[in-house]
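Read the structure below first, then the notes.
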Amino acid sequence: MLNAAEAQMYQVAADDAERARIQAKLYAAPKGAPAARQVPRGGGASRAEAEALMARMEAEDAAFGSGR
């Protein structure tokens with residue numbers, strides 16, 4: 001039902017700018033909604049830390065005899 005209403009709104013739009021305004025209005029976050037959560041960047045492990053973790057895991061695998 002929403003798709004049909006949305007299609008009708010786009011059909012009566014006079015130009016691309018009006019279609020863009022309609023789309024922005026339809027897909028905007030509701031007023032009063034909390035802001036979207038953002039994932040902090042750069043919070044992962046460094047390459048050296050990742051390599052050290054992989055080496056420890058390989059050592060554990062070898063100790064338990066589960067080689068791949």
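Among the listed residues ARG41, ARG56, which satisfies the condition of being basic (Lys, Arg) and modelled with pLDDT of 95 or more?
Values: ARG41 fails: modelled with pLDDT of 95 or more.
The match here is ARG56.
Considering the stretch 13-37 alone, what residues qualify as being closer than 18 Å to ASN3 by Cα and of a type in the set (D, E, K, R)?
Result: GLU18, ARG19, ARG21, LYS25.
Given the criteria exposed (fewer than 10 other Cβ atoms within 10 Å of the Cβ) and modelled with pLDDT of 85 or more, does ASP15 qualify? Full working, then the answer.
On the way: exposed (fewer than 10 other Cβ atoms within 10 Å of the Cβ): yes; modelled with pLDDT of 85 or more: yes.
For ASP15, the condition - exposed (fewer than 10 other Cβ atoms within 10 Å of the Cβ) and modelled with pLDDT of 85 or more - is met.
The values are calculated or read from the model by the stated rules, or taken from the named source; none is laboratory data. This is a predicted model, so every value here is computed, not measured. Every residue, glycine among them, receives a Cβ derived from its backbone with ideal geometry; neighbour counts consider all protein chains shown.
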